[in-house]
Amino acid sequence: MYQKLNCLWRISMTGVAFALFGMGGLILSMIIFPLHHLIERDHQRRKCFAQKAIGRTFRAFLWWLKTFRVFQYRFEGFETLNEDQNVIVVANHPSILDYVFLASRIDHCSCIVKKKLLENIFMKGVIGAADYIPNDETEGFIALCEEKLSPQDKLLIFPEGTRTTAGEPLRLQRGAANIALRTQKDIRLVSIDLDQPMLTKELKWYQVPPLQPTFIIKVQEKINICTYLNSEHRLSYQSRQLTDDLTQRLQHNLQQSKKDTA
């Protein structure tokens, strides 16, 4: 009986959380950011303000979810990540909240987002204010990514392109590798693991696990891009090799995380 009531509680609180998320996006887009733009004319300061505001909002949102026992989470190694500068952050993508977790903890972080999100009334203003990059296949896309990587910035990419199907191996696309090679930026890996599936690609928001799940978001090793910059091979070969290595490293890190928490 207790387990059933607990499950119903987490379903209802998950629904409330989605409503709060939408309201927060509208408040930031329609009130906070427009008011700040009236005061601040400098584009870079606007961008920094927006990213910090998003980060603090997400921290409050995650605190609410944890306090009301929807799920637990813990971060590991983010002091190291925030000391990094001018790097590309590559993470796996098991749930719909992965961006929220990372943006709540990473200072000065741009993000590549799905172009479709620009049609979302709750997210459009947030994406524009934070100067995030819509995923686009045009020629200027790589140059735009390099432009966004100012000396103190980081660029967050989920190279799977969509959420991972639980239980299946990682399948990374070459976009992150291409950007890293062309901009010659190092890569910092981050693994996101959860002990029970929740808010995954194949589950509806109301399909919560029987017990409260735990997310573990862990900063992993940094990859020196110079290792892959070999003039004897074409960019396509370098990109394929780097993508394969990223896949293996992330998969290994996730397996190790599961062993550590077993």
Please give the length that would be gained between Asn135 and Gln196 if that part of the chain were fully extended, namely 0.36 nm times their separation in residues minus their C-alpha to C-alpha distance (nm, one decimal).
19.0 nm
In nanometres, what is the gap between the two model label sites at Lys222 and Asp260, each 7 Å from Cα along Cα-to-Cβ?
1.9
Mean Kyte-Doolittle of at least -0.5 plus a Cα span of 18 Å or more along the axis: flag which DSSP H helices in the chain meet both, please.
2-27
Just name one of Leu156, Val190, Pro210: the one whose Cα is farthest towards the positive end of the charge dipole of the chain (beta-carbon charges, Lys/Arg +1, Asp/Glu -1).
Pro210
Over 28 Å (Cα to Cα) among Lys148/Lys258; Lys47/Lys258; Lys4/Lys115; Lys4/Lys116; Lys47/Lys116; Lys66/Lys259 -> Lys148/Lys258; Lys47/Lys258; Lys4/Lys115; Lys4/Lys116
Keeping every protein chain present and rolling a 1.4 Å probe, give me the accessible area per residue for the chain in Å².
53
Portion, in percent, of the accessible area of the chain that falls on carbon or sulfur, probe 1.4 Å:
54
Once both label points are put 7 Å beyond Cα along the C-beta direction, the Gln44-Gln72 separation in nm becomes 4.3
Which GluC sites (Glu not before Pro) does the range 1-83 hold that lie in a coil by DSSP with at most 14 other beta carbons within 10 Å?
Glu40
Among the aspartates and glutamates, which fall within straight-line cross-link reach of Lys218, defined as a Cα-Cα distance under 17 Å, with same-chain neighbours fewer than 8 residues apart omitted?
Glu76, Glu79, Glu83, Asp84, Asp98, Asp107, Asp193, Asp195, Asp260
List the extent of the Cα atoms of the chain along each of their three principal axes, largest first, rounded to whole Å.
66, 51, 32
Unit charges on C-beta of K, R, D, E only; dipole of the range 1-261, Debye:
760
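The values are calculated or read from the model by the stated rules, or taken from the named source; none is laboratory data. As the structure is a prediction and not an experimental result, all values here were calculated from the model. Cβ sites come from the backbone with ideal geometry, for glycine too, and all protein chains shown count toward neighbours. Side chains are part of the model used for accessible areas, which takes the heavy atoms of the whole protein and leaves out ligands, DNA and RNA. Shrake-Rupley method; radii C 1.70, N 1.55, O 1.52, S 1.80 Å.
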